[in-house]
Amino acid sequence: MVILLNFLSRHLIVQLGEKDNIAMAAEIHSRPQSSRPVLLNKIEGHSDAVNAAVLIPKEDGVITVSEDRTIRVWLKRDSGQYWPSIYHTVSCPRVYNTKGHHEDQGALQTAPCSCMSYHHDSRRIFIGQDNGAIVEFLLSEDFNKMNHVKTYPAHQNRVSDMVFSLESEWVVSTGHDKSVSWMCTQSGSMLGRHYFGSWASCLQYDNDTQHAFVGDYSGQITLLKLERQTYSTITTLKGHEGSIGALWWDPVQRLLFSGASDHSVIMWDIGGRKGRTLLLQGHHERVQAVRYLQLTRQLVSCSADGGVTVWNMDTPREEAPQWLDSDSCQKCEQPFFWNVKQMWDSKTIGLRQHHCRKCGKAVCGKCSSKSTTYPVMGFEFQVRVCDTCYDTVKDEDRTALATFHEGKHNIAFMDMDPSRGLMVTCGSDRVVKIWDMTQVVGCSIATGFSPR
């Protein structure tokens, strides 16, 4: 791992609705304690899962896409409620081949909207669909009209994530056809494609260096250098024990954050020469959204059960150790149950193997009978440690380095506007929630925002 990240570091350094109004009003206006997110609005209206929701910068507006095949632009009215200024059902998209001619493909009919990429300066919005197509629209300045621009035959199956790069005029996307593709938004032509061994689930892209980070269902993250008509595979990052659910790339500090179905988040120090990785465990369900706030050095992660964790990354942290292999307990030297020879020689029954999360040694249950939190190593919940390490953990070492909050709904996607301290969450319950996060992530990032 260290060797791979050292190589990667050198490479990048060079190239780098109005339902239940009473209950809703009580939930919104009963402000919780100051250290918690404040629910400002709840948007209802979709008839199926909401797969993505993005905040419109400098506007009281949200764009949503859903399994119900609709794209909606919600603007805040004088009443304080959000109403759709655009309600568009995606149907019968036109598909163009590499020569720019229209192709009548029966398979590309009305399909659920699976993901979205919105570029505010150009007001261009790209919608990924369940049938593999990507549809581009142009929003009007008043956000009351949306015109179709182009449809891209990007994938053969559901589009899982995408990024639009204005600098390169590319739309880079991943899909359940186990591929990442990049297409030219000027010509609509396919520039390249790379296949993986499993579904490609999420994506991040560095505009300056044209590197793409692709997470997949096997738990791996692949780094690719994209070029016109060609590409090169730089390396593969392995650390998660479950499918990758979310990625976030910070190009300033060259940090990559990944969340997965193993309930954990990993910070990959791509720019650091030591190849450092930090494991963060603070969720009880699969992590489906991550966002790093560079100004306040905080990481926000959201999980499927509605958990919202805010991590303090502006503090010294330790890497979790690699687990050691041994045929016997590295404390009392009793054999593990597969060590038949030592069991026979010592006339003892083999023991089950465990690992101390603090030192990584292979130990038996008797020598690791205690558990503790150890936030400096990312363990915000109780984990097993050996008796020796437990005695070295002081009370101050157990001080939490993260805060935990409840979104009270399934969170499949999250977007933030750090300049206003706003967060939007959405998921399978068809509800979109807008949160004031200023009291959680620091008031210094909120410039001139006041809830109305």
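The values are calculated or read from the model by the stated rules, or taken from the named source; none is laboratory data. Here the structure is a predicted model, which is why all the values come from computation and not from measurement. Ideal geometry is used to build each Cβ from the backbone, glycine not excepted, and the neighbour counts take in all protein chains shown. These area figures cover heavy atoms from the full protein model, side chains too; ligands, DNA and RNA do not enter into them. Shrake-Rupley method; radii C 1.70, N 1.55, O 1.52, S 1.80 Å.
Take every Cα-Cα distance within the range 37-97, group them into 5 Å bins from 0 onward, and report for each bin the whole-number percent of pairs it holds.
Spelled out bin by bin, the range 37-97 gives 4, 16, 25, 23, 15, 8, 4, 2, 1, 0 percent.
Assuming 0.692 mPa s and 37 °C, estimate D for the range 175-293 with Stokes-Einstein, Rh taken as the Kirkwood radius over Cα pairs, in µm²/s.
On the way: Rh = 14.7 Å.
Stokes-Einstein gives a translational diffusion coefficient of 223 µm²/s.
Label-point separation (nm) for VAL149 and ASP327, each offset 7 Å from Cα along Cα-to-Cβ?
Here the answer is 6.4 nm between the modelled labels.
Which pairs in the list LYS178/LYS408; LYS150/LYS408; LYS366/LYS394; LYS331/LYS394; LYS347/LYS394 are over 28 Å apart, alpha-carbon to alpha-carbon? Walk me through the numbers on the way to the answer.
Values: LYS178/LYS408 33 Å; LYS150/LYS408 38 Å; LYS366/LYS394 22 Å; LYS331/LYS394 21 Å; LYS347/LYS394 39 Å.
In this structure, LYS178/LYS408; LYS150/LYS408; LYS347/LYS394 lie more than 28 Å apart at Cα.
Would you pull out the residues with amide H under 5 Å of SER179's amide H, same chain only if 5 or more places away, H placed 1.01 Å from N?
Counting only residues 5 or more places away or on other chains, the set is PHE196, ALA200.
Looking at the range 346-451, which trypsin sites (Lys or Arg not before Pro) are in a loop (DSSP not H, G, I, E or B) and have at most 10 other Cβ atoms within 10 Å? Could you put the intermediate results ahead of the total?
On the way: sites: LYS347, ARG352, ARG357, LYS358, LYS361, LYS366, LYS370, ARG384, LYS394, ARG398, LYS408, ARG420, ARG430, LYS433; in loops: LYS347, ARG352, ARG357, LYS358, LYS361, LYS394, LYS408, ARG420, ARG430.
Those satisfying the criteria are LYS347, ARG352, LYS394.
Using +1 at the Cβ of each Lys and Arg and -1 at the Cβ of each Asp and Glu in the chain, identify which of PRO57, ALA362, THR425 lies farthest towards the dipole's positive end.
ALA362
Excluding ligands, DNA and RNA, what is the solvent-accessible area per residue of the range 320-393 at a probe of 1.4 Å, expressed in Å²? Mind dumping the intermediate values first?
Values: 4220 Å² over 74 residues.
Result: 57 Å² of accessible area for each residue.
Subtracting the Cα-Cα distance from 0.36 nm times the residue separation, let me have the gained length for CYS184 to GLN81 in nm, one decimal.
Details: separation 103, 0.36 × 103 = 37.08 nm, distance 3.86 nm.
Gain on stretching CYS184 to GLN81: 33.2 nm.
Which whole-number percent is the relative contact order of the range 285-400 (Cα, under 8 Å, 6+ apart)?
Working: 206 pairs, mean separation 19.7, N = 116.
Relative contact order of the range 285-400: 17 percent.
Quick one: compute the contact order of the range 121-206, relative version, from alpha carbon pairs under 8 angstrom and 6+ residues apart, as a percent.
Working: 202 pairs, mean separation 18.4, N = 86.
With pairs under 8 Å counted, the relative contact order is 21 percent.
Where the accessible area of the chain is counted over protein heavy atoms with a 1.4 Å probe, how much of it, in %, is carbon and sulfur?
48 percent
By how many nm would the segment from ASP314 to HIS119 grow when fully extended, if each residue of separation counts as 0.36 nm and the alpha-carbon distance is taken off? If you can, show how the numbers build up before the last one.
Details: separation 195, 0.36 × 195 = 70.20 nm, distance 2.96 nm.
Roughly 67.2 nm would be gained on extension.
Report the trypsin sites (Lys or Arg not before Pro) located in the range 165-232 that are in a DSSP loop and have at most 13 other Cβ atoms inside 10 Å of their Cβ, or state none. Mind showing how you got there, number by number?
Working: sites: LYS178, ARG193, LYS225, ARG228; in loops: LYS178, ARG228.
Of the trypsin sites (Lys or Arg not before Pro), the ones in loops of the range 165-232 whose Cβ has at most 13 other Cβ atoms within 10 Å are ARG228.
Starting from the eigenvalues of the Cα gyration tensor, five times each then square-rooted, give me the equivalent ellipsoid semi-axes of the range 292-411, largest first, whole Å. Could you put the intermediate results ahead of the total?
Working: eigenvalues 269, 50, 28 Å².
Result for the range 292-411: semi-axes of 37, 16, 12 Å.
I'm a student and want to see the number: the projected area of the Cα convex hull of the range 224-379, averaged over all directions, in nm². It would help to have the intermediate numbers written out before the result.
Values: hull surface 50.8 nm².
Mean projected area of the Cα convex hull: 12.7 nm².
At q = 0.11, 0.14, 0.18, 0.21 Å⁻¹, what log₁₀ I(q)/I(0) does a Debye calculation on the Cα points of the range 245-336 give, no solvent, two decimals?
-0.39, -0.57, -0.79, -0.98
Using only the Cα atoms, what convex hull volume per residue in Å³ does the chain have? Display every interim value, and only then the final one.
On the way: hull volume 74.5 nm³, N = 452.
Roughly 165 Å³ of hull volume per residue.
Report the Cα-based extents of the range 111-152 along its three principal axes, largest first, to the nearest Å.
Per principal axis, max minus min of the Cα coordinates gives 30, 15, 15 Å.
Grab the Cα-Cα distance for TRP344 and SER419, subtract it from 0.36 nm times how many residues apart they are, and report the gain in nm with one decimal. If you can, show how the numbers build up before the last one.
Working: separation 75, 0.36 × 75 = 27.00 nm, distance 6.67 nm.
Full extension of this stretch gives 20.3 nm more.
Would you pull out the residues with amide H under 5 Å of ILE234's amide H, same chain only if 5 or more places away, H placed 1.01 Å from N?
Residues meeting the amide H criterion: LEU223, LEU224, LYS225.
Contact order normalised by length for the range 214-300, with contacts defined as Cα pairs under 8 Å and 6 or more residues apart; what percent is it? Please list the in-between numbers first.
Values: 192 pairs, mean separation 18.4, N = 87.
Across the range 214-300, relative contact order equals 21 percent.
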